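What follows is a set of notes on a single structure, which appears directly below.
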Amino acid sequence: MQIAPHSVVSFHYTLTDDQGQVVDSSEGREPLTYLQGAGQIVPGLEKAMEGRQAGDQFKVDVAAAEGYGERQEELAQEVPREAFQGVDDIQPGMQFQGRGPQGVINVTVTKIEGDTVHIDGNHPLAGKTLHFAIEITNVREATQEEREHGHVHGEGGHHH
């Protein structure tokens, strides 16, 4: 069966950066399972999956615009330390949720200078080309319930 909208797809992946360093991988874990066409993986990878089938192995480079988006400098800000009430030890790399004009935003602490904390609301991979090595392990038609809910149920998916 070829991957098409409403296919449930399971795949192993290794994601590397431009220097070939592994950023993320499913190695040693269960394959990632998603519903094709539901926007659950980055758009460029979802497009590259279309028409493939179980057993296929391939590499694909996904440009930032089709991955986690371009970097938005306005999402990098300086905030006063007192904005982190209840957190005694703030360190670079820590992640927090905050409220922005569009709702909840995840931010990463990038630097601390005295009473000023530098945060970045960009995804850590924003602005970067994503290099994927993919092995598709299973493809099946989504159930009617999965289509209605917009996600995979059962093994590798959501449990209600």
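Values computed for the structure shown
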| quantity | calculated |
| --- | --- |
| Conditions (1) in a loop (DSSP other than H, G, I, E, B); (2) farther than 14 Å from Leu130 by Cβ: number failed by Val79 | (1) |
| Failed item in (1) under 24 Å from Lys111 (Cα atoms); (2) surrounded by 15 or more Cβ atoms within 10 Å (Cβ to Cβ); (3) not small (Gly, Ala, Ser), with Glu46 passing the rest | (1) |
| Hits in segment 63-92 - residues which are under 23 Å from the mean Cα position of the chain (by Cα), open to solvent by 100 Å² or more (accessible area, probe 1.4 Å) and within 12 Å of Ile112 (Cβ to Cβ) | none |
| Any hit, segment 93-116, residues being out of contact with any strand residue (DSSP E or B) (no Cβ under 9 Å at 6 or more places or on another chain) and under 30 Å from Ala4 (Cβ atoms) | no |
| Tabulated pairs, segment 27-56, first closer than 23 Å to His149 by Cβ, second open to solvent by 50 Å² or more (accessible area, probe 1.4 Å) and of a type in the set (D, E, K, R), C-beta under 6 angstrom, 6+ apart or interchain | Pro43/Glu66 |
| Some residue of segment 136-148 being on the phi < 0 side of the Ramachandran plot, in a loop (DSSP other than H, G, I, E, B) and modelled with pLDDT under 90 | no |
| Only one of Gly156, Gly114 that is closer than 13 Å to Val9 by Cα and either open to solvent by 70 Å² or more (accessible area, probe 1.4 Å) or modelled with pLDDT under 95 (or both) | Gly156 |
| Count of segment 1-20 residues which are touching an Asp or Glu at 6+ places or on another chain (Cβ under 8 Å), among the aliphatic types (A, V, I, L, M) and more than 11 Å from Phe132 (Cα to Cα) | 4 |
| Inter-residue pairs, beta-carbon under 7 Å, first surrounded by fewer than 11 Cβ atoms within 10 Å (Cβ to Cβ) and part of a loop (DSSP other than H, G, I, E, B) and in segment 93-104, second hydrophobic (A, V, I, L, M, F, W, C) and modelled with pLDDT of 75 or more, 6+ apart | Gly93/Val109 |
| Sole exception among (1) within 24 Å of His149 (Cα to Cα); (2) under 14 Å from the mean Cα position of the chain (by Cα) for His6, by number | (2) |
| Index of the failed condition, Met94 passing every other in (1) hydrophobic (A, V, I, L, M, F, W, C); (2) more than 29 Å from Thr16 (Cβ to Cβ); (3) at pLDDT 90 or above | (2) |
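Conditions tested, residue by residue: (1) in contact with a helix residue (DSSP H, G or I) (Cβ under 9 Å, 6 or more places away or on another chain); (2) not polar (S, T, N, Q).
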{"site": "Gln2", "(1), (2)": "no, no"}
{"site": "His12", "(1), (2)": "no, yes"}
{"site": "Ser26", "(1), (2)": "no, no"}
{"site": "Gly37", "(1), (2)": "yes, yes"}
{"site": "Ala54", "(1), (2)": "no, yes"}
{"site": "Val62", "(1), (2)": "yes, yes"}
{"site": "Ala76", "(1), (2)": "no, yes"}
{"site": "Phe84", "(1), (2)": "no, yes"}
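The values are calculated or read from the model by the stated rules, or taken from the named source; none is laboratory data. As the structure is a prediction and not an experimental result, all values here were calculated from the model. So basically every Cβ, Gly included, is an ideal-geometry build from the backbone, and we count neighbours across all protein chains shown. Just the protein is used for accessible areas: all its heavy atoms, side chains included, with ligands, DNA and RNA removed. Shrake-Rupley method; radii C 1.70, N 1.55, O 1.52, S 1.80 Å.
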